[in-house]
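A quick write-up on the structure given underneath.
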Amino acid sequence: MRAGNLRHRATVLALSDSLQPVEITRRWVGIRSKESGDAPAAAGLRASVRVEVRARFSSDLVAGRYLRHGARLLYINDARDFTGERAELLLSCEELVGLPATMTATPAAEPAACRVFLAHGVKRPAENVGLSAYSTQLEAALIEVGRPQVGAEFLVGGVTWRVTGLVDDDDDRIVRRMWVKKA
């Protein structure tokens, strides 16, 4: 591996048991998209184009951790020592992209900066059998907001969105999906 290819200084983050970001270390890495050409339109907080990251071997770079480089946030799906010599790692990552926002968990809490993805007109199963409603769904990264509950508010582009429910009972430890309404 040539040192000149590792030109991005990234922070390695982990999600603690209390859902707080923990800074592990900083590493020099090389970042590039795996696919070329036009990327398809985003359908969620996760970008559809995989990102390839190369780095010197480190036990800090494992699947399930995050890399932050500037405004970019990458989730490490896989880390492989493809030479077998513990010299170089090839990381396969998902980039979390979205609109800049702030989240306030409770009225007394400090707003937290985050990125969100809004999907309008999503079919939401209604409580009455056979009926459906259309709502707005918001996705946010757990490492940035934890697990917001009903009543939390997101300020996105000058509009406040209040969480009215959770899309699923559980999340995938990467993204939390919520039903929201304008406050």
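Each residue of region 18-23 is assigned a 3J(HN,Hα), and the resulting list reads 8, 6, 10, x, 10, 7 Hz, derived from the Karplus form 6.51 cos²θ - 1.76 cosθ + 1.60 (θ = phi - 60°), x at Gly and Pro. If the chain linking Thr102 and Arg162 were pulled fully straight, counting 0.36 nm for each residue of separation and taking away their Cα-Cα distance, it would gain 20.4 nm.
Among Tyr134, Tyr75, Tyr66, the largest mean-square fluctuation in a Gaussian network model of the chain (Cα springs under 10 Å) belongs to Tyr134. Spin-label pair Val150-His69: with each label point 7 Å from Cα along the Cα-Cβ axis, the two points sit 4.2 nm from one another.
Excluding Val97 itself, what net charge comes from residues whose Cβ is under 14 Å from its Cβ, given Lys and Arg +1 and Asp and Glu -1? Computed value for this residue: +1.
The largest accessible area among Arg86, Arg26 belongs to the first residue in Arg86, Arg26, and the rest follow in falling order (1.4 Å probe, all chains).
What the Cβ-Cβ distance of Arg32 and Ala109 gives, at R0 = 25 Å and to the nearest 0.05, is a FRET efficiency of 0.10. Here the Karplus relation 6.51 cos²θ - 1.76 cosθ + 1.60, evaluated at θ = phi - 60°, turns the backbone of region 146-159 into coupling constants of x, 10, x, 10, 3, x, 5, 10, 10, 9, 10, x, x, 10 Hz, with x for every Gly and Pro.
Computing the accessible area with a 1.4 Å probe over protein heavy atoms, can you report the carbon and sulfur percentage for the chain? Carbon-and-sulfur percentage of accessible area, whole number: 48. Rg over Rh for the chain works out to 1.03, both radii taken from alpha-carbon positions and Rh defined as the Kirkwood radius.
Summing charges over all other residues whose Cβ lies under 11 Å from the Cβ of Val163, with Lys and Arg as +1 and Asp and Glu as -1, gives +4. Once the C-beta distance of Ser58 and Asp17 is scaled by a Förster radius of 30 Å, the resulting FRET efficiency is 0.85 to the nearest 0.05.
The sum of -39500 (n - 2.57) across all DSSP H runs of n ≥ 4, divided by the residue count of the chain, sets its helix-only mean residue ellipticity at 222 nm to -500 deg cm²/dmol. Looking at region 121-177, the accessible area is 54 square angstrom per residue; that uses a 1.4 Å probe and ignores ligands, DNA and RNA.
The values are calculated or read from the model by the stated rules, or taken from the named source; none is laboratory data. Not measured: the values here are computed from a predicted model. Every residue, glycine as well, gets a Cβ built from its backbone with ideal geometry; the counts of neighbours run over all protein chains shown. What goes into the accessible areas is simple: the full protein's heavy atoms, side chains included, and nothing from ligands, DNA or RNA. Shrake-Rupley method; radii C 1.70, N 1.55, O 1.52, S 1.80 Å.
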